[in-house]
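*Asks:* Quick one: the structure is below, and I'll ask about it shortly.
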Amino acid sequence: MNFQEEVRAHRDLDNFLAQASVVLDEKATTLDDVLRNMLELLAQEGGEACDTDAVMDSLFTDGGGGKEANVHLLCETIQGVTASQTGVHYQQSWLCILTNVGSLQRRHVCVTRLERPQNWGVNCCEARYVMLILAPPRTLGRTFGTLFSDISFRQKLLETRTTEEFKQELVRRRQQLAVSEGPAVEEIDDTDPRKGKRLKFTDFLKPGKGVYDDLRRRLPLYPSDFTDGIVGPDRSLLKYSTTAIFLYIAILLPAIAFGSLNDESTGGRIIIRGICDDYAIDFDAFYACIGLWNSLFLILGGLFNVSLLMKLFKRSTEEIIALFISIAFVVDAVKGTVKIFNHFYYGPTLATTNATLVLQQIKELLENAQSNGSGLLAAESEAVHATVYLPDSLVLCTRERPILCLFLMLATLWLGYALYLIKRSPYLNAKIREVVSDCALPIAVLIVSFIGSYLFLDIQLPVFQVYNRPIFNFAPFDKLTGMNTLSAVGLGFLLALLIFIDQNIVISLTHVPEHKLLKGTAFHWDLVLTGLINILMSCLGLPWMHAAFPHSSLHARQLAKVEQRVENGHLYTT
């Protein structure tokens with residue numbers, strides 16, 4: 001319904017606020033009981049007597065059956081639907097019921113918020129709001145249907161505690177719809193890779209146009225990116241805090257894991273150590289040079305609208321690349337576990353790192369074996385080689401280490417997933433379940449870390465190497481020759497290509513229609529900004545950065561207000 005053109009919509013809602021009855025946290029579980037409680041409240045507050053049984057009969061097609069009827073079919077209802085690429089989905093959290101009662105002198109409206117979502121059959125498996133409108137014009141039902149079709153509005157109503165707060169949210173929503181300029185239509189922009197005109201070669205010959213359009217669209221919204229979770233009607237300090245904690249742990253753990261792998265493969269450096277050693281090139285300077293070339297290519301790509309090439313990527317391509325990234329995370333975790341088993345479970349571990357002492361003891365064992373002709377020396381008389389068994393004082397039994405590592409890894413996975421799913425359980429209250437689910441990963445990491453560090457003190461776990469080096473190390477560019485600088489162009493271009501593909505796919509997957517993000521994208525400006533940031537990172541010897549999967553998508557998911565629905569026996573979230 002268009003609230004600008006329909007004058008009746010304003011009048012209907014104003015009358016509702018003055019006369020409507022509101023029931024919060026209704027404990028009844030069946031639709032019949034909920035409707036009867038609503039009718040009794042209307043009779044008390046409305047000042048008009050009505051036959052409850054007669055009204056109940058008018059609400060259902062099998063009204064003559066009374067209480068003996070096993071199945072009730074509502075005569076007239078309004079329910080929202082959402083169309084997507086996968087089909088049409090019902091909004092199952094609310095239900096508007098209408099009927100005409102001839103004995104009533106005026107129309108009555110009652111809204112009930114159930115204490116828990118109820119399953120009332122097909123297309124109504126998660127009912128939370130019930131609206132009962134008696135003696136209505138059809139436009140009144142459409143008015144409330146328009147209000148409750150917004151998931152954000154339903155979430156705000158869920159957070160109200162009193163009927164006055166409930167009505168204030170209705171007033172605020174009515175004012176928003178009244179002053180809005182109709183449904184938001186996103187501008188058709190030929191610089192947005194996801195829409196607009198078909199890709200043309202001339203689009204790349206408009207330097208700076210994509211960056212200008214991105215800044216014009218996003219720059220006014222940057223302050224609200226930092227304040228939306230703290231101030232305003234949509235503030236949510238709790239979700240703001242839990243998301244920050246979740247992101248910190250979600251970014252920290254892969255950084256430590258991949259940093260450890262790079263440390264082992266590059267001798268304590270970041271990358272390209274082998275090339276520098278082979279050609280006697282200063283690592284810090286060569287690393288910074290590659291980063292600067294990479295930044296230059298990224299900035300040029302943003303200025304010349306290269307992100308428009310994302311028009312050639314379909315959703316399936318983006319999902320496949322994201323799947324490969326996820327598989328890479330799993331493979332690295334498995335490879336690390338296998339490496340720990342190979343080192344500690346199958347290979348012997350010496351009790352001391354003093355090689356001289358070990359060789360001296362082995363020499364003494366050989367001399368004793370030769371002098372005795374038996375004992376520790378197990379060999380045939382004609383054999384050339386002999387087998388020497390080292391004493392227990394020289395060899396440590398370390399098989400418990402990989403077993404404990406495997407246990408801690410699986411425990412973190414299980415506990416994190418179990419806590420994430422707690423929001424679907426009946427335990428605790430809804431707010432606590434949401435907080436525990438949002439903080440599932442940090443809680444799991446802290447609990448399992450405590451178990452591994454304090455409950456298994458006797459088992460020495462493998463630790464990461466830490467180097468005592470300056471955090472910031474400005475690159476000595478004077479150590480590079482002209483040929484060294486030119487040789488870094490190819491590596492910088494390959495790195496820029498990798499960051500270009502990864503970042504743009506991450507942005508596309510984060511701004512999927514399911515997330516319902518409202519502020520738009522900035523493909524070209526984000527690419528330029530990544531290049532500018534990496535200039536500083538390169539000069540200071542720090543790791544390069546860009547938008548990464550799955551952190552960006554998880555960030556949007558953590559901040560979202562979701563609503564669950566059941567379709568064909570499966571639970572979905574919106």
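The values are calculated or read from the model by the stated rules, or taken from the named source; none is laboratory data. Values in this document were obtained by computation on a predicted structure and should not be read as measured data. As a convention, Cβ positions derive from the backbone with ideal geometry for all residues, glycine included, and neighbour counts pool all protein chains shown. All accessible areas refer to the heavy atoms of the entire protein, side chains included, with ligands and DNA or RNA removed. Shrake-Rupley method; radii C 1.70, N 1.55, O 1.52, S 1.80 Å.
*Asks:* Kindly indicate whether Ser538 is modelled with pLDDT of 85 or more and hydroxyl-bearing (Ser, Thr, Tyr). First the steps, then the outcome.
*Replies:* On the way: modelled with pLDDT of 85 or more: yes; hydroxyl-bearing (Ser, Thr, Tyr): yes.
For Ser538, the condition - modelled with pLDDT of 85 or more and hydroxyl-bearing (Ser, Thr, Tyr) - is met.
*Asks:* In the stretch 100-112, what residues are under 24 Å from Glu126 (Cβ atoms) and either open to solvent by 10 Å² or more (accessible area, probe 1.4 Å) or assigned to a loop (DSSP other than H, G, I, E, B) (or both)?
*Replies:* Of the residues in the stretch 100-112, the ones under 24 Å from Glu126 (Cβ atoms) are 109-112.
The one that is under 24 Å from Glu126 (Cβ atoms) and either open to solvent by 10 Å² or more (accessible area, probe 1.4 Å) or assigned to a loop (DSSP other than H, G, I, E, B) (or both): Val109.
*Asks:* Okay, moving on. Name the residue, out of Tyr212, Tyr248, Tyr240, that is over 18 Å from the mean Cα position of the chain (by Cα) and of a type in the set (Ser, Thr, Tyr). Walk me through it before giving the result.
*Replies:* Details: Tyr248 fails: over 18 Å from the mean Cα position of the chain (by Cα); Tyr240 fails: over 18 Å from the mean Cα position of the chain (by Cα).
Sole residue among the options that is over 18 Å from the mean Cα position of the chain (by Cα) and of a type in the set (Ser, Thr, Tyr): Tyr212.
*Asks:* Does Gly490 qualify as being modelled with pLDDT of 85 or more, under 29 Å from Ile325 (Cα atoms) and loosely packed, with under 14 Cβ neighbours inside 10 Å?
*Replies:* Details: modelled with pLDDT of 85 or more: yes; under 29 Å from Ile325 (Cα atoms): yes; loosely packed, with under 14 Cβ neighbours inside 10 Å: yes.
Answer is yes for this residue.
*Asks:* Please enumerate the residues belonging to the stretch 459-487 that are assigned to a loop (DSSP other than H, G, I, E, B) and either open to solvent by less than 90 Å² (accessible area, probe 1.4 Å) or within 22 Å of Leu300 (Cβ to Cβ) (or both). Give the steps one after another, and end with the answer.
*Replies:* To start, the set of residues in the stretch 459-487 that are assigned to a loop (DSSP other than H, G, I, E, B) comprises 459-476, 480-481.
Of everything in the stretch 459-487, those that are assigned to a loop (DSSP other than H, G, I, E, B) and either open to solvent by less than 90 Å² (accessible area, probe 1.4 Å) or within 22 Å of Leu300 (Cβ to Cβ) (or both) turn out to be Ile459, Leu461, Pro462, Asn473, Ala475, Pro476, Leu480, Thr481.
*Asks:* With within 20 Å of Leu559 (Cβ to Cβ), touching a residue at least 60 places away in the same chain (Cβ under 8 Å) and open to solvent by 30 Å² or more (accessible area, probe 1.4 Å) as the only criterion, which of Pro513, Pro543 stands out? Break it down stepwise before answering.
*Replies:* On the way: Pro543 fails: within 20 Å of Leu559 (Cβ to Cβ).
Exactly one residue qualifies, and that residue is Pro513.
*Asks:* For Leu140, indicate whether it is part of a strand (DSSP E or B) and crowded, with 17+ Cβ neighbours inside 10 Å.
*Replies:* Numbers: part of a strand (DSSP E or B): no; crowded, with 17+ Cβ neighbours inside 10 Å: yes.
Criteria not met by Leu140.
*Asks:* May I pose another question? When you go through Arg315, Arg273 one by one, which is the residue that is at pLDDT below 80 and either surrounded by 15 or more Cβ atoms within 10 Å (Cβ to Cβ) or at positive phi (or both)? Quick ask: steps written out before the conclusion?
*Replies:* Details: Arg315 fails: either surrounded by 15 or more Cβ atoms within 10 Å (Cβ to Cβ) or at positive phi (or both).
Matching residue, one of Arg315, Arg273: Arg273.
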